[in-house]
Amino acid sequence: MQMNIRPRRNRKSESIRNMVQETRLDVSQLVYPLFLVDGEKIRNEVSSLPGNFRLSGDEALKTISECVENHLTSFILFPSIVEEHKDKEATYSWKKENFYLKMAERIKREFPETTLISDVAMDPYSSDGHDGLVIDGRIDNDKTLPILARMAVAQAQAGFDILGPSDMMDGRVGAIRRALDDAGYADTSIMSYTAKYASAYYGPFRDALDSAPKAGDKKTYQMNPANKREALIEAALDTAEGADFLMVKPALNYLDVIHLLKENTQLPVAAYHVSGECAMLIAACQNGWLNYEQAMPEALLSIKRAGADIIITYFAKDFAKMVKG
Ligand code: PBG
């Protein structure tokens, strides 16, 4: 058979396959989410996300040390707040005694080489379980902004390197940027949840933080999963308002949106491989239906191939350990 073009020639050995590989995963572009709780010696597994834990400070430091040994140095931190610290205005989010802020300070003191990303949204601290301020059953966009700005300044003060507004209020990146600059934190970065969808795949995360909305859903602020062009409006706004990174969330069901932002914007694009997406894969592997060491990196690779520069994933630690061998 005469054939000029035989694509299999470039697949004939591992060395050649590696040479022509178009997309690579690098641990330096992975971010590991950690759920934090107040207290000591707490390591409480999230039942809907096996292998992930609510960690007290001492335990979080152990996990971080293990990650750093495997060259994984970026973390996104989320607080699990007890009910008595929650209120309508999420006031605990900026209070001096907030264990989450103290924890960030402690991590930066013990591991200055780490990059810490915060979560800016009211839901973990809100007695209503919403990302914005609820007034008469509705989320008030403009009254939420000063609360987010105050939370953001407290996080910058605690030493977070990058702040992550995940609330989807209009104008929040600009409000946070102004507040940070006015308070002397011009160097604190913003990774905006640019295209964050009203997704069913946040379930295990809400279990971990006990942060599900007490009434209603998040559809008046998070995006409709059916929409793609709308992500470009959000990206243009976040860019103009001063974001340093754009994020798409979730990741695997939204690879087209990741690709769209990568092609049409200039900022680095992050993708949040969310709790439910990871939980599905974990469950299939625990059942023996998929092979974890093969299926997990393939999922990460597909997110990278779609155009993500940075991947936030609950698999970051396992991946870092796997490549180190
Ligand atoms: C809250 C927030 C959520 C996630 C990150 N920040 C949940 C939500 O919007 O209800 C989800 C992350 C995950 O599922 O892994 N502002």
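Results, tabulated for the structure shown:
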| quantity | calculated |
| --- | --- |
| Phi-based couplings in Hz for the stretch 235-252 (Karplus 6.51, -1.76, 1.60; Gly and Pro marked x) | 5, 5, 5, 4, 5, 5, 7, x, 5, 9, 9, 10, 10, 10, 8, x, 10, 5 |
| For the stretch 24-324, accessible area per residue (1.4 Å probe, heavy atoms of protein chains only), Å² | 42 |
| Cβ-Cβ FRET estimate between residue 200 and residue 19, R0 fixed at 35 Å, reported to 0.05 | 0.30 |
| Residue 41-residue 321 FRET efficiency (beta carbon distance; Förster radius 22 Å; 0.05 resolution) | 0.40 |
| Estimated FRET transfer efficiency when R0 is 45 angstrom, pair residue 10-residue 136 (beta carbons, to 0.05) | 0.10 |
| Other-chain or far-sequence residues with amide H under 5 Å of residue 223's (modelled H) | 196, 197, 198 |
| Shape category assigned to the stretch 24-324 from the gyration tensor of Cα positions, a/c cut at 1.5 | rounded |
| Alpha-carbon centroids, the stretch 81-147 and the stretch 7-79: separation in whole Å | 24 |
| Qualifying trypsin sites (Lys or Arg not before Pro) for the stretch 1-45 [loop in DSSP, other Cβ within 10 Å: at most 15] | 12, 24, 41 |
| Computed [θ] at 222 nm, helices only, for the chain once each DSSP H run of length n ≥ 4 contributes -39500 (n - 2.57) | -12000 deg cm²/dmol |
| Long-range amide H partners of residue 163 with built H, under 5 Å | 118, 189, 190, 191 |
| Relative contact order [Cα under 8 Å, 6+ residues apart], the stretch 24-324, whole percent | 19 |
| Sites excluded, GluC sites (Glu not before Pro) in DSSP loops with at most 14 other C-beta within 10 Å, longest stretch of the chain | 114-325 |
| DSSP beta bridge pairing in the stretch 38-162, given as percent antiparallel to the nearest 5 | 55 |
| Table column - 3J(HN,Hα) (Hz), the stretch 43-56, Karplus curve with 6.51, -1.76, 1.60, x for Gly and Pro | 9, 10, 5, 7, 5, 8, 9, x, x, 10, 10, 7, 10, 7 |
| In order through the stretch 17-26: 3J(HN,Hα) via Karplus (6.51 cos²θ - 1.76 cosθ + 1.60), integer Hz, x for Gly, Pro | 4, 5, 4, 9, 5, 8, 10, 10, 9, 10 |
| Simple spin-label estimate for residue 143 and residue 113 in nanometres, 7 Å along Cα-Cβ | 4.8 |
| Rounded tilt (10° steps) of 275-286 against the dominant C-alpha axis of the chain | 50 |
| Using alpha-carbon coordinates, inclination of helix 57-69 to the longest axis of the chain, degrees | 30 |
| Rounded percent of accessible protein surface that carbon and sulfur make up, the chain, 1.4 Å probe | 49 |
| In the stretch 234-325, the chymotrypsin sites (Phe, Trp or Tyr not before Pro) that fall in loop regions by DSSP, at most 15 other Cβ within 10 Å | 289 |
| Residue order for 259, 85, 273 - accessible surface, 1.4 angstrom probe, largest first | 259, 85, 273 |
| Amide H within-cut-off set for residue 115, under 5 Å, with H built and near neighbours excluded | 74, 75 |
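The values are calculated or read from the model by the stated rules, or taken from the named source; none is laboratory data. Nothing here was measured: the structure is a model prediction, and the numbers come from that model. Please note: Cβ atoms are built from the backbone with ideal geometry, for glycine as well, and neighbour counts cover all protein chains shown. In case anyone asks, the SASA skips ligands and DNA or RNA and just uses the protein heavy atoms, side chains included. Shrake-Rupley method; radii C 1.70, N 1.55, O 1.52, S 1.80 Å.
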